[in-house]
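Worksheet: one structure, shown below.
The values are calculated or read from the model by the stated rules, or taken from the named source; none is laboratory data. Values in this document were obtained by computation on a predicted structure and should not be read as measured data. Reconstructed Cβ throughout: ideal geometry from the backbone, glycine too, with neighbour counts over all protein chains shown. Surface accessibility is based on the protein's heavy atoms, side chains included, excluding ligands, DNA and RNA. Shrake-Rupley method; radii C 1.70, N 1.55, O 1.52, S 1.80 Å.
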Amino acid sequence: MATPRLLIIGLDCMEPSLVFDRWRGDLPNLSRLMDQGSYGRMESSIPAITVPAWSCMMSGRDPGELGIYGFRNRRDRDYHSMAISDGRAVKVPRLWDLLGEASWTVAALSVPGTSPPYPVNGSMVSCFLTPSPEVTFTHPPELGDQIRAWMPDFMMDVPNFRSDEKARILDNLYTLCDQRFTLAEKLIAQDSPDFLMLVDMGVDRIHHAFWKPMDPRHPQYEPESPFVDAIHDYYVHVDQRIGELLRRCDEDTAVLVVSDHGAQPLMGGVCINEWLINQGYLTLSEAPTEPISLDQAAVDWSRTQVWGAGGYYARIFLNVKGREPEGTVAMADYEALRSELTEKLSALKTPDGEPMPVKVHKPQQIYQKVRGRAPDLIVYFDDLAWRSVGSVGLNSLYTVENDTGPDDANHAPFGLMIFHDPKAPKGGQVLEGAQLYDIVPTVLDRYDIPAPKGLRGKILPI
């Protein structure tokens, strides 16, 4: 039997246009997988964010069903209850759990949504949300000791990747990448798992740190930067590591390369709470003299109908009577207010006065179920080219910078997938209409494993 039977290489945020078009000639291993298999853009979840996208992809469930609407989520109905959602928020089986139940041995390495690690039929190394390698970050726990012996400087993520320490960030990125691929090689040699999946977070981090020098579309393009080739060279390095990893696998190993979303230049930020203040929906009892987070601001909740949260997209929350502590919006007015906000947000313009493409989603209309404390509205500004900035005291509806530190790139709604099975070559088939929800049903179908009921995705013709 092939070892592994299935290898999934996750590349967080890898941008399909760079792989399929711009740099394909420089990426021989990815290009060969494309030539011999199936590939295409893959639509992400809404929102297109690492947390929850990987958990959606690996479970076949959407953010509403998982109850995970972003990196941070409301713990309760209090106004200041946003907290990071780690793997404990995922209450459904993921692909490695389903394969394990079918008697496959599995290895899941650094897949977002696996911190803290939990028992699987094989091994698990937790993700970038792990506080440090000093806590238990593996299943079984003794695997952590072995990893530290192999790599004493084992990294969970690139520290402080939104900063101006560009040379240090670049060095950390290569270390992080090499550690993940080397770990995969060692575990294949040691354990011969039937299934192995690794995720490299470096692709995402390098986009955030080095997009300006690469892309003339960026409003702060830096063509003279010494880092003009940083992203290109990293993609080439990742491709080389993929080639080395494949040489450690059986010749019959099926390979799936996936990214959870894409990337694009960050055009600026829309200050969502400043807009709500201007429109009369959000009231502060005193105006801040400098930019601060809404949590630090003196909000008069008794005169506030709506507030927002920043991030890749805007989350809009209504201050509902009987739901929030000082609710002002009657449930009878709830739908009308949501529709009013949708209409007004859809009329937003860019700083130049041009119409801004805005997509406003009601969770009940885009998810199979809505669990937990969902936003009342989910807003994309120009398909995520503009961030949502939650700070107040900016005295502007727009910013050119991210309010969480230097940032060159934003996410894009489409990632990529490339699938090659040596036993069933497809000869460069281009996939249309793929969504990340399709991965679990497609893989289970491929290996004749019954799928759980209620999965969102479809079976792709791979």
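When only alpha carbons of the stretch 62-135 are considered, Rg and Dmax amount to 14.0, 46 Å.
On full extension, the segment bounded by Arg248 and Ala189 gains 20.5 nm, given 0.36 nm per residue less the C-alpha separation. For the stretch 85-99, the Karplus equation 6.51 cos²θ - 1.76 cosθ + 1.60, evaluated at θ = phi - 60°, returns couplings of 9, 9, x, 5, 6, 8, 9, 10, x, 10, 3, 5, 5, 5, 5 Hz by residue, with Gly and Pro reported as x.
Which value, in Å², gives the accessible area per residue of the stretch 349-462 when a 1.4 Å probe is used on the protein heavy atoms?
44 Å²
Computed from point charges on the beta carbon alone (+1 for Lys and Arg, -1 for Asp and Glu), the dipole magnitude for the chain about its Cα centre is near 1280 Debye. Note on the chain: Rg/Rh from Cα positions, Kirkwood definition for Rh, rounded to two decimals, is 0.97. In a DSSP loop and with at most 16 other Cβ atoms within 10 Å, the trypsin sites (Lys or Arg not before Pro) in the stretch 135-166 are Arg162. Separation of the stretch 390-462 and the stretch 99-154, taken as the distance between their Cα centroids, equals 23 angstrom.
Restricting the stretch 226-309 to GluC sites (Glu not before Pro) that sit in a DSSP loop and have at most 12 other Cβ atoms within 10 Å of their own Cβ leaves Glu251, Glu286.
A straight line joining the Cα centroids of the stretch 16-70 and the stretch 218-258 runs 15 Å. Surface composition of the stretch 157-316: carbon and sulfur make up 44 percent of the accessible area, probe 1.4 Å. Here the stretch 317-462 exposes an accessible surface that is 51 percent carbon and sulfur, computed with a 1.4 Å probe and the other protein chains kept in place. The GluC sites (Glu not before Pro) of the stretch 142-230 that meet both conditions, a loop assignment by DSSP and at most 14 other Cβ atoms within 10 Å of the site Cβ, are Glu165, Glu224.
Sorting 371-379, 339-347, 123-131 by average packing, meaning the other beta carbons within 10 Å per residue, from highest down gives 123-131, 371-379, 339-347. Taking 0.36 nm per residue of separation and subtracting the Cα-Cα distance, full extension of the segment from Thr175 to His232 would add 18.8 nm.
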